[in-house]
Amino acid sequence: MTHLQKFQQKLQEGQAALISSSQNRFYLSGFQYDDGYLLIFRARAVLLTDFRYEEAAEQHADPAFEILCPKRGMLDAVRELLLGEGISELLIEEESVTVALRESLAQKLDDVTVHKGASACLTALRAFKDEGELAAMAEAQRITDAAFTHILGYLKPGVREIDVALELEFFMRRSGAAGIAFHTIAVSGTASSLPHGVPRSCTLEKGFLTMDFGARVGGYCADMTRTVVIGRADAEMKHLYSTVLRAQRAALDRAAQGVSCRALDLVARDIIDGAGYEGRFGHSLGHGVGIDVHEAPRLSRSAPESAVLLPGHVVTVEPGIYLAGKYGCRIEDMIAVNPDGSIRNFTKSDKDLIEI
Ligand code: ZN
Ligand code: ZN
């Protein structure tokens with residue numbers, strides 16, 4: 001079943017959905033464009049755009065879509081389509097619709113009831129990846145792994161953090177990535193205690209170097225973190241690194257269909273807390289990945305007990321320990337739950353402590 005068909009099944013009689021976010025427009029139509037809407041009915045789908053995207057939409061969008069380039073305003077066309085289909089309820093994306101669009105809809109569509117609900121529905125659908133999506137993510141991670149191998153040969157004293165980030169990004173683009181999945185993190189020394197630190201223009205400090213990066217292929221993200229040591233690791237750094245690795249491996253071993261997202265977070269957290277680092281693993285164990293680098297489901301201690309891993313989920317497993325003002329370390333792999341309930345780890349890069 002196509003993404004469009006899965007979504008259409010969720011619509012009730014008399015309902016349509018207006019899709020305005022670029023991520024959900026891409027998810028449903030398979031076509032990436034910067035301007036316009038999708039209008040989805042139970043048995044009809046219209047892609048509204050303008051002349052700039054018309055030809056490409058004909059070529060790349062799911063052929064189930066009618067392509068429409070309205071001569072007048074987009075929302076006037078939406079109104080006509082809704083009236084023509086006798087629609088009384090329009091679902092919108094509650095997570096992304098702007099106040100301005102909401103007000104325009106209220107003006108133009110005074111005879112249609114506008115409801116939230118499309119975001120929640122699409123978030124739930126997007127959490128389960130099909131074969132095509134898994135293939136794109138596997139390729140994105142393959143390029144990401146290759147970039148890590150490449151950067152190990154590039155790292156040397158005198159290189160700046162921004163050079164490391166740029167080199168990773170250049171390598172991934174040259175290797176076939178359409179782009180990067182998110183802003184590359186490459187932080188060394190004391191800055192490695194910042195989980196989402198920004199690469200600086202200073203040369204690499206001795207100590208931990210945390211690199212969190214990913215390629216984007218076919219619209220889908222990869223997400224990996226590796227921490228290496230510039231210089232030699234002392235006993236305390238080795239203890240910290242091996243604790244993070246032990247926590248990550250325990251969580252990976254435990255991951256399987258039916259395991260609660262909360263329990264998985266606690267597997268890693270208990271190991272880190274038990275090794276004397278209580279309170280230093282300040283983020284969640286992991287997150288879903290897909291068109292967005294952060295999506296459902298979340299592997300978090302605040303996840304409801306009912307949230308469990310299921311076939312088709314793709315999540316990261318990324319414990320870390322951060323000692324403010326000193327240093328930090330994170331190790332992140334991206335895994336999928338297979339149809340038989342077992343785990344596939346997309347990430348192949350080495351995790352033993354590397355000293356450079
Ligand atoms: Zn990451
Ligand atoms: Zn991540």
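The values are calculated or read from the model by the stated rules, or taken from the named source; none is laboratory data. Because the structure is predicted, anything quoted here is derived from the model rather than measured. Cβ: placed from backbone, ideal geometry, glycine included. Neighbour counts: every protein chain shown. All accessible areas refer to the heavy atoms of the entire protein, side chains included, with ligands and DNA or RNA removed. Shrake-Rupley method; radii C 1.70, N 1.55, O 1.52, S 1.80 Å.
For a quick check of your reading of the model, give me the residue pairs whose first member lies in the stretch 51-76 and is farther than 16 Å from Arg25 by Cα, whose second is of a type outside the set (A, V, I, L, M) and part of a loop (DSSP other than H, G, I, E, B), with beta-carbon atoms closer than 7 Å and at least 6 apart or on different chains.
That search, which allows pairs on different chains as well, returns Phe51/Cys69; Asp76/Pro70.
Among the residues of the stretch 188-230 satisfying the criterion of being assigned to a helix (DSSP H, G or I) and among the small types (Gly, Ala, Ser), which is farthest from Leu285 (Cα to Cα)?
Per the stated criteria, the residue is Gly189.
Could you tell me how many of the residues in the stretch 166-220 are within 15 Å of ligand 1 (Cβ to nearest atom), farther than 28 Å from Leu240 by Cβ and open to solvent by less than 20 Å² (accessible area, probe 1.4 Å)?
Residues in the stretch 166-220 being within 15 Å of ligand 1 (Cβ to nearest atom), farther than 28 Å from Leu240 by Cβ and open to solvent by less than 20 Å² (accessible area, probe 1.4 Å): 3 in total.
Output the number of the condition that Leu105 fails; it satisfies all remaining conditions of (1) open to solvent by less than 10 Å² (accessible area, probe 1.4 Å); (2) more than 16 Å from ligand 2 (Cβ to nearest atom); (3) under 26 Å from the mean Cα position of the chain (by Cα).
(3)
Limited to the stretch 143-162, what total is found for residues that are in contact (Cβ under 8 Å) with a residue 60 or more places away in the chain and open to solvent by 60 Å² or more (accessible area, probe 1.4 Å)?
3
Just to check your reading of the model, which residue among Gly274, Gly282 is outside any helix (DSSP H, G or I) and surrounded by fewer than 21 Cβ atoms within 10 Å (Cβ to Cβ)?
Answer to the check: Gly282.
For the condition under 16 Å from Ala251 (Cα atoms), more than 16 Å from ligand 1 (Cβ to nearest atom) and in contact (Cβ under 8 Å) with a residue 60 or more places away in the chain, what is the one hit in Ile343, Ile335, Ile356?
Only one candidate qualifies: Ile343.
Among all residue pairs at least 6 apart or on different chains, which show Cβ distances below 6 Å where the first residue, located in the stretch 29-43, is within 13 Å of Leu18 (Cβ to Cβ) and the second is open to solvent by 40 Å² or more (accessible area, probe 1.4 Å)?
That search, which allows pairs on different chains as well, returns Phe41/Glu85.
Given the structure, is Ala233 within 19 Å of Thr347 (Cβ to Cβ), touching a strand residue (DSSP E or B) at 6+ places or on another chain (Cβ under 7 Å), in a loop (DSSP other than H, G, I, E, B) and away from ligand 2 (no atom under 14 Å from the Cβ)?
In short, no.
Which of the residues belonging to the stretch 285-319 are assigned to a loop (DSSP other than H, G, I, E, B), over 15 Å from Val259 (Cβ atoms) and within 16 Å of ligand 2 (Cβ to nearest atom)?
If the condition is that a residue be assigned to a loop (DSSP other than H, G, I, E, B), over 15 Å from Val259 (Cβ atoms) and within 16 Å of ligand 2 (Cβ to nearest atom), then Val289, Gly290, Ile291, Asp292, Val293, His294, Glu318, Pro319 are the ones that fit.
Conditions first: (1) within 16 Å of ligand 1 (Cβ to nearest atom); (2) touching a Leu at 6+ places or on another chain (Cβ under 7 Å); (3) among the hydrophobic types (A, V, I, L, M, F, W, C). Leu264 passes all but one, so which condition is the exception?
(1)
Which pairs do you get when a residue that is in the same structural domain as Asp340 (by TED's automatic domain parsing), found in the stretch 286-315, comes within reach of a residue that is within 16 Å of ligand 1 (Cβ to nearest atom) and of a type in the set (S, T, N, Q), reach meaning Cβ atoms under 7 angstrom, with the pair 6+ apart or on two chains?
Cβ pairs passing all conditions: Gly286/Thr316; His287/Thr316; Val289/Thr316; Arg298/Ser284; Leu299/Ser284; Ser300/Ser284.
Conditions: (1) over 22 Å from Met137 (Cα atoms); (2) in a loop (DSSP other than H, G, I, E, B); (3) touching a residue at least 24 places away in the same chain (Cβ under 8 Å). Thr243 meets all but one. Number of the miss?
(2)
Scan Ser302, Ser284 and give me the residue that is more than 16 Å from ligand 1 (Cβ to nearest atom) and of a type in the set (S, T, N, Q).
Ser302
Given the criteria closer than 24 Å to Leu125 by Cβ and among the polar types (S, T, N, Q), does Ser349 qualify?
For Ser349, the condition - closer than 24 Å to Leu125 by Cβ and among the polar types (S, T, N, Q) - is not met.
Determine which single condition Gly158 fails, assuming it passes every other condition in (1) at positive phi; (2) part of a strand (DSSP E or B).
Of (1) at positive phi; (2) part of a strand (DSSP E or B), only one is false for Gly158: (2).
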